[in-house]
Amino acid sequence: MATNHRPVNLLQTPPPGFAVSRPKVGCWGDTEPLFPPPANEVSVGGVATKWRRGRREVTVAGRLIHLRAMSPILTLNDIEVLFGNVPVVASASCVVESGQCLGIQGPNGSGKTTLLRVMATLLKPTSGKGFILDADLATPQVDEVRRRIGLSGHLPALSDHLTLRENLEFVARISDRSQTRVIEVLEMVGLAGAADRFAERCSHGMRKRADLARLFMTEPDLLLLDEPHAGLDSSATPLVAALVHRTIQKGGAAVLVSHDPTTMVDLADQHMTLRTGVLSQ
Amino acid sequence: MTKVRVLMALAAIAAGLGLYLAISAPPEAVQRTYARILHIHAPSAWLAFLAFFVTAFGSIMWRIRRKEFWDRLAASSAEIGVLFTAIALATGMIWGKPVWGVFFDWGDARMATTAIMLLVYLGYLALRRATPDPQLRAARASVLGIVAVVQVPLVYFSVNLVRTLHQTQTIRPEGSPIHPAMLRALLVNLAAFTLIYLALLAGRMVVGRLEEKAETEVAPVAGAAVLPPRLDGAIDV
Amino acid sequence: MTTHAFEIARHDLMVERRAKETLTVVVPFGLAALIALPMAIGVDLPLISRIGPAAYWSTALLFGMQIAWRQSVADTGPNRDLITLLGVSPVSRFWGRTAASAVLLIAFMLLLGVAAILLFSPELPLTPWLLLIILTFGLGLAMISTLAADITSGLSGRAPLASVLVVPLALPLLVGAAQAVESLTRGSGILAWLLMLVAVEIVLAVAGTLAARPLEEAVR
């Protein structure tokens, strides 16, 4: 261990994105997933630091201190999306940390859904860089993280000719979830009584609830919700909050997009606005 | 444009020379003057094969490089390939009627596979026309452009695999079975048609670049067109 | 990957069991085409008998390919996104869709075959080889049709455009199957035609597998 570094005042507020963990001398502890270090290195009180396995190592008074980086779940850097020659998203940059919920508000046609699809790795941006759950958006790595992403769009993803139960059972089989979980989540969203109704015979609100049930079942690490409250009645609206809180408590993150900021004010701890394709605070 | 003009001039000269040699070559022993259509038919077929190989090459390069140039190359070459496949089929049918007695011999592997190849590449062009978004168009067409080229060697070697009416290759490594004067005319016409292909390709690429420029001039941001509604006086409250 | 492909196939077949699109739309349409042809010929029974197999294979091709782009399993945006985000690879998706289409196609062709025998009274030896030819043709057509459905996904005028792509690519299958049956009728060997069919299937299998991911990226 090096002993010739200047001491750092541990009472100082750690720089943004860092949390001071208990000192563990010479021990790297658990194996958290790596996150690529940000381009701008942060200097902690002028003390020489170095990256090792995604953590900053600082030696203070002969003792090794680990500053554990809170891993961003999602990082977008100057993302641009063009459809042909039409820019739909002109410039979008944001960071969503583990345990955070980002609310993006914007009027019709501002590019909210398109941006959400980029975050879901369903759409490659025309330019810009991004990392989703440690995977570079521009590489095939994204395949490995897709299972950890949950998206609920404008239209629920259901096969019309199958019942709500069958739709969820299909998801359960593909995602290696227990079949017993299907009825549990249907009960959670208040659709246990309609489990054997064909999806095409369900109202939009019921289909939306079934979509949320799917997300309760798959428990994604990154939750993406597009107009989450649209179509839900007042009794079902708390489902969205429950889903967001559950995701965050498990160390995941959530991104909500809506044209109505009032629906997100209690849920999101970060708010941004998307207007004519530009994402801003 | 200068490059296109130079190529066209060279092609015109070569085509003129080829035409002269084709007309002045001795008539074929059995087919007489009808055989002279060989000097258009064979080079057209050769061009079609070349064009579709270039389409496949452009498609592969687009997948690797993702540059519009390669997609433009693939599309331009496919259009020319379709044109010359149609010419090869048409001249083949004109030649076939007096010589074989039928315009189209359904039992002939070369004719049938060439007709299929034409349809596949017509489908390629139809796919391109039906896809308005340039990125999606390039992505989907590149897949079809790579898959479809498998047919080209099939068409070329069909005469060796199934022996029917159509003759086998005229130009072979071990030597050609036709008269040297005819061979000379054929080779000159092959060169002329290759120059015609290059000239048409260069010209089509220029046009394609202009089309792309018009298509990709960046428009206003999509969301800028959406404004808050104006209901002044529209509703009586 | 195999499990995912199996689940996709199972899902598609479950949907078809409910929607019955193949049974209620494609089969009647195919039968109608099979009936229209001898009506156009008139009362020339020997001629009708001779063209029976040709009419069967043409109808199987032209109408069977519609099975791959039946409305009930048309990939809507949300459903396609769901499959992608469940971690199903595009190759699994291709093979799952192909397997389901192949099952339905083969069932369609067997029904059509019974109708063709009754309507055309062809001179045909009913041997197990016929079943093998139908299975091979059905699988090949399912692969081409699924590939064409993916290439034309989301485009307006999708059905006619997909047909334009499928028909020329499927003609070698048509020729191979028809000639194999012709050889069976004459009592000569069908090995060469079967090998041709197998060769075409291998090319299609490779093309479909390699094209699956690029086509997935080509959908918004």
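The values are calculated or read from the model by the stated rules, or taken from the named source; none is laboratory data. Here the structure is a predicted model, which means the values were calculated and not measured. Note that we place each Cβ from the backbone using ideal geometry, even for glycine, and neighbour counts take in every protein chain shown.
Remarks
- Single condition C:Ser156 does not satisfy, out of (1) more than 8 Å from every other protein chain (Cβ to nearest Cβ); (2) of a type in the set (Ser, Thr, Tyr); (3) surrounded by fewer than 17 Cβ atoms within 10 Å (Cβ to Cβ): (1)
- Residue within region A:124-138 that is out of contact with any strand residue (DSSP E or B) (no Cβ under 7 Å at 6 or more places or on another chain), modelled with pLDDT of 90 or more and within 12 Å of chain C (Cβ to nearest Cβ) present: no
- Verdict on C:Leu165 being at negative phi and crowded, with 18+ Cβ neighbours inside 10 Å: yes
- Given (1) of a type in the set (Ser, Thr, Tyr); (2) farther than 27 Å from B:Val152 by Cα; (3) within 12 Å of another protein chain (Cβ to nearest Cβ), index of the condition C:Ser188 fails: (3)
- Cβ-Cβ contacts under 9 Å between residues 6 or more apart (or on different chains), taken from a first residue in region A:243-271 that is under 12 Å from A:Glu219 (Cβ atoms) to a second residue that is in a helix (DSSP H, G or I), are listed as A:Leu243/A:Leu212; A:Leu243/A:Leu215; A:Leu243/A:Phe216; A:Arg246/A:Phe216; A:Thr247/A:Leu215; A:Gly252/A:Arg148; A:Gly252/A:Arg246.
- Leading residue by the ranking (nearest to the other protein chains (Cβ to nearest Cβ)) among those in region B:95-126 that are part of a loop (DSSP other than H, G, I, E, B) and in contact (Cβ under 8 Å) with a residue 12 or more places away in the chain: B:Gly107
- In region B:127-146, the qualifying residues are those that are at pLDDT below 90 and assigned to a helix (DSSP H, G or I), and the one that is surrounded by the fewest Cβ atoms within 10 Å (Cβ to Cβ) is B:Arg129.
- Condition check for A:Leu155: at pLDDT below 90 and in contact with a Pro (Cβ under 6 Å, 6 or more places away or on another chain): yes
- Yes/no for C:Pro90 being touching a residue at least 24 places away in the same chain (Cβ under 8 Å) and crowded, with 21+ Cβ neighbours inside 10 Å: no
- Single match in B:Pro180, B:Pro228, B:Pro173 (criterion: more than 16 Å from B:His41 (Cβ to Cβ) and at pLDDT 70 or above): B:Pro180
- Only one of B:Phe69, B:Phe104 that is under 30 Å from A:Thr139 (Cβ atoms) and surrounded by fewer than 17 Cβ atoms within 10 Å (Cβ to Cβ): B:Phe69
- Considering (1) at pLDDT below 90; (2) away from every other protein chain (no Cβ under 13 Å), the lone condition that A:Gly277 does not fulfil carries the number (2).
- Residue among A:Ile149, A:Ile174 that alone is among the hydrophobic types (A, V, I, L, M, F, W, C), more than 25 Å from A:Ala268 (Cβ to Cβ) and at the interface with another protein chain (Cβ under 9 Å from one of its Cβ atoms): A:Ile174
- Taking the numbered list (1) over 21 Å from C:Ala148 (Cα atoms); (2) assigned to a helix (DSSP H, G or I) in turn, C:Gly87 passes all entries but (2).
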